[in-house]
Each structure stands twice: as structure tokens, then as C-alpha cells.
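S.K.: The structure's right below; bear with me while I get my questions together.
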Amino acid sequence: MKRLFIGVKFSDDVNDYFQTSQLMVEKYCERANYTRYDNFHLTLRFLGMIEESKVPEIVQIIKDLEVQRMKLFFDHIGFFNKKGRYVIYMGCQPAVELTDYVMKLNDKLVKHSLIEKDEQIYTPHITLCRHSKLLVPLVDISRGITIERQAEILNVTLFESINVDGTLMYRPLFKRELV
């Protein structure tokens with residue numbers, strides 16, 4: 001079994017911006033688990049534990065599903081509350097093309113019995129840190145940090161989430177470059 005997700009890997013210059021923003025967020029946190037530079041990504045669909053024999057089928061879905069390059073505009077800091085701790089992320093403006101692609105991807109994965117259908121609303125974001133304990137109210141973070149960055153989606157990648165000597169890593173198993 002492999003812990004898998006489908007996502008987007010960004011260029012180093014975009015990752016540099018994510019890291020700079022992460023450093024700004026760090027000033028507002030008493031403690032947090034910060035996303036490693038190499039792990040910055042945009043999740044399209046978390047798959048969970050999947051049998052290794054299903055990987056070729058997932059790769060084929062990624063290859064077959066029509067998608068073109070698209071631009072996102074990251075413009076805010078947001079958060080998810082998880083049991084009193086926060087996931088702090090960089091969010092983007094709504095992108096119809098991205099939402100449509102994610103819906104089609106979900107439909108294909110459900111049709112192939114690779115995932116269960118869920119009605120969760122897709123919130124595209126870059127996780128900056130998890131398990132945050134804040135020094136200030138969340139509204140102060142979003143007011144205190146200006147986010148303005150365009151980024152292009154140039155790939156769709158199947159990742160395996162692995163732990164190597166206590167370090168979480170996202171290893172690409174397949175990468176489809178977009179034209």
C-alpha cells in the first residue's frame with residue numbers, strides 16, 4: 001500500500017515566494033510544523049492508502065484527462081481549524097478551469113473505484129504550516145501579510161507521501177508536463 005495524492009509541483013522561484021511568505025507567518029506563531037521547501041505543492045486530490053497495483057490505472061487517468069496550463073493568483077493567507085490547532089495556508093482567487101479539472105479528476109477516480117465520492121468543497125491552497133499555536137488572532141495574520149503572486153500550473157503529478165528517517169517527503173511517481 002502507498003499513501004498517494006495527485007497535485008502540482010511549482011518552480012523554484014514560486015517555491016521561494018512560498019518560503020518567504022512562510023517566514024512572515026512564522027512571526028505570528030508560537031510554534032508550528034512548517035512545510036519543507038521541497039514539499040510545497042497544490043493538492044488536486046488526496047487518494048489515501050492505495051494498493052501499488054492501482055498506480056498504473058491512476059497514471060493512465062492523469063494521462064488521459066484533458067488539461068491545459070493555467071494561471072493562479074495567490075492573494076491571501078487562510079486557515080483550517082483542526083482540533084484547536086491551525087493549518088495556515090496561502091490561498092488563491094477562484095479559478096474555474098482548476099475547479100472543473102478537479103471535478104473531472106474526482107469523477108474519473110470514483111468511476112474507477114479508486115476513491116469514494118465526497119461532496120467536500122475544493123479549496124486550492126499551499127500549506128505553509130500545520131499544528132500552529134498562534135501568538136495573535138488569525139485576523140491579524142491575514143491583515144499583516146500581503147500576498148500577491150501569480151503562478152502557472154505546468155504539471156499534474158502523482159505523489160507518494162513517505163517518511164524517511166522521521167522526515168515527511170513527497171516523492172513524485174509520475175509527472176505529466178502540461179503544454
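The values are calculated or read from the model by the stated rules, or taken from the named source; none is laboratory data. Not measured: the values here are computed from a predicted model. Here the Cβ positions follow ideal geometry from the backbone for every residue, glycine too, while neighbour counts run over all protein chains shown. Surface areas here come from the heavy atoms of the whole protein model, side chains and all, with no ligands, DNA or RNA. Shrake-Rupley method; radii C 1.70, N 1.55, O 1.52, S 1.80 Å.
S.K.: Of all residues in the stretch 103-131 being farther than 18 Å from Ile50 by Cβ and in contact with a Leu (Cβ under 9 Å, 6 or more places away or on another chain), which is most open to solvent (accessible area, probe 1.4 Å)?
M.R.: Lys104
S.K.: Give me the residue from the stretch 81-99 that is without any contact (Cβ under 8 Å) to a residue 12 or more places away in the chain and either polar (S, T, N, Q) or open to solvent by less than 70 Å² (accessible area, probe 1.4 Å) (or both) and, out of that set, nearest to Pro56 (Cα to Cα).
M.R.: Among those residues, the one meeting the criterion is Asn81.
S.K.: Of all residues in the stretch 34-61, how many are hydroxyl-bearing (Ser, Thr, Tyr) and either open to solvent by less than 40 Å² (accessible area, probe 1.4 Å) or in a strand (DSSP E or B) (or both)?
M.R.: Qualifying residue count, the stretch 34-61: 3.
S.K.: On to the next question. Would you be able to tell me the number of residues in the stretch 9-30 that are open to solvent by less than 50 Å² (accessible area, probe 1.4 Å), farther than 25 Å from Leu178 by Cα and part of a helix (DSSP H, G or I)?
M.R.: Number of matching residues: 3.
S.K.: Which of the residues that make up the stretch 132-151 are touching a residue at least 40 places away in the same chain (Cβ under 8 Å) and either surrounded by 14 or more Cβ atoms within 10 Å (Cβ to Cβ) or among the hydroxyl-bearing types (Ser, Thr, Tyr) (or both)? Give the derivation first.
M.R.: Kept after step one, since they are touching a residue at least 40 places away in the same chain (Cβ under 8 Å), are these residues of the stretch 132-151: 132-136, 138, 140-142, 144-145, 147-151.
Within the stretch 132-151, Ser132, Leu134, Leu138, Ile141, Ser142, Ile145, Ile147, Arg149, Ala151 meet the criteria.
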